Amino acid sequence: MTVTVRSFAKINLGLRIGAARTDGFHELLTVYQTIALHDVIRVSLVRGSGIEIHCDDPRVPKDESNTCYRIVEKAMRALKGRGRVVIGIEKRLPVQGGLGGASSNAVATLLGLERVIEKALPAEERLRIAAEVGSDLPLFLVGGTVLGIGRGEQVYPLEDLPGTACVVVTPEVGVSTPRAFAEWDRKLTVPGASDRMVELGRGFSVWLSNSYSGAPFRRGRAENPLLELVRAGIKNDFEEVVFPEYPELSEAKDALERAGAKYASVSGSGSTLYGLFASKQAARVAVPRLRRQGWMAQATITLSRREYWKRSFAV
Ligand code: C5P
């Protein structure tokens, strides 16, 4: 039996890097949002033992360094599963792109594995194993709009925001996340890192509770809370380190804004950028315009938690 799972991408709606920790990670505060762009993962179980990975993309490792391999190893042990696990990765998302592709692939593999071996891990155990493989995995066990704290691995579902049109631009540079964190430390470690986290926390809280706060109607207020991000001043700290190193990325952000994005930002540590648009139509118009300027651009939509789960297995 083969189980097919869609492995969706995420974007970061603001990200603040806090203090470097003794375990080599950094404190992080971010809101993750799943989007409809995805890879496809196929999991099957055959006679024998071990793990086998197939992927046409030469940039994807097929050995034990692959996140899918690592999660299967842990899950098979925890589930006392038997057999050889064969994983097929149909790569559509950028590799090292800030969209969480490798992390999402691992979670989709775990979900597929549970179905093929007809055993499921307790939800807490899934979260624990996912976090052991990487900071960006647990969010994909929640989906929709998700608050990420700790090193990004502690995840809390937030109220879903309305589906919002989005354009993703993928410049052809690979940004290494550990290097981007190191660069942040080298250049920008500022005193009061925890104050800066608290400040963004307040920004998130105001942004997300705006529609309930009883504030009088403001002229020109966006219909869609997601588009309020600009007004709320929410930003991704990684821009401070990746823009000077790869000027192409800040050019892509400008291009998205000129093409009509209400909010544009780097996702994760890049190199992918996204723009949020007022309508699907506006996003559709922006894509050919960006492509004419030489950018690789794709239109998509943000996925609510319900949509995320509904579409994951509807292949
Ligand atoms: O957890 P993940 O495998 O994605 O992390 C990769 C690397 O990125 C870590 O080894 C660390 O260098 C860096 N990182 C960090 N702080 C985080 C997440 C990742 O410094 N919150």
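Sum -39500 (n - 2.57) across every DSSP H segment of at least 4 residues in the chain, then divide by the residue count to get the 222 nm mean residue ellipticity, nearest 500.
The helix-only estimate for the chain comes to -11000 deg cm²/dmol at 222 nm.
Between R289 and T177, what is the label-point separation in nm under the 7 Å Cα-to-beta-carbon projection?
Those two pseudo-labels are separated by 3.2 nm.
Averaged per residue, what accessible area in Å² does the chain show with a 1.4 Å probe, protein chains only?
On a per-residue basis, the chain sits at 46 Å².
Rounded to the nearest 0.05, what FRET efficiency do F313 and K80 give with R0 = 41 Å and r taken as the Cβ-Cβ distance? Could you check?
Efficiency, from the Cβ-Cβ distance: 0.95.
As an exercise, use a Förster radius of 25 Å and the Cβ-Cβ distance of V46 and A120 to find the FRET efficiency, rounded to the nearest 0.05.
Between V46 and A120 the formula returns 0.75.
When all protein chains stay in place, what accessible area (Å², nearest 10, 1.4 Å probe) is found for S194?
In the full protein context, S194 sits at about 80 Å².
For E240 and D185, calculate 0.36 nm times their separation in residues minus their Cα-Cα distance, and state this gained length in nm to one decimal.
18.7 nm
Of the accessible area of the chain, with the probe set at 1.4 angstrom, what percent is carbon plus sulfur?
Whole-percent figure for carbon plus sulfur exposure: 51.
The values are calculated or read from the model by the stated rules, or taken from the named source; none is laboratory data. Small disclaimer: the values here were computed from a predicted structure and weren't measured. Reconstructed Cβ throughout: ideal geometry from the backbone, glycine too, with neighbour counts over all protein chains shown. Accessible surface areas use protein heavy atoms only, side chains included; no ligands, DNA or RNA. Shrake-Rupley method; radii C 1.70, N 1.55, O 1.52, S 1.80 Å.
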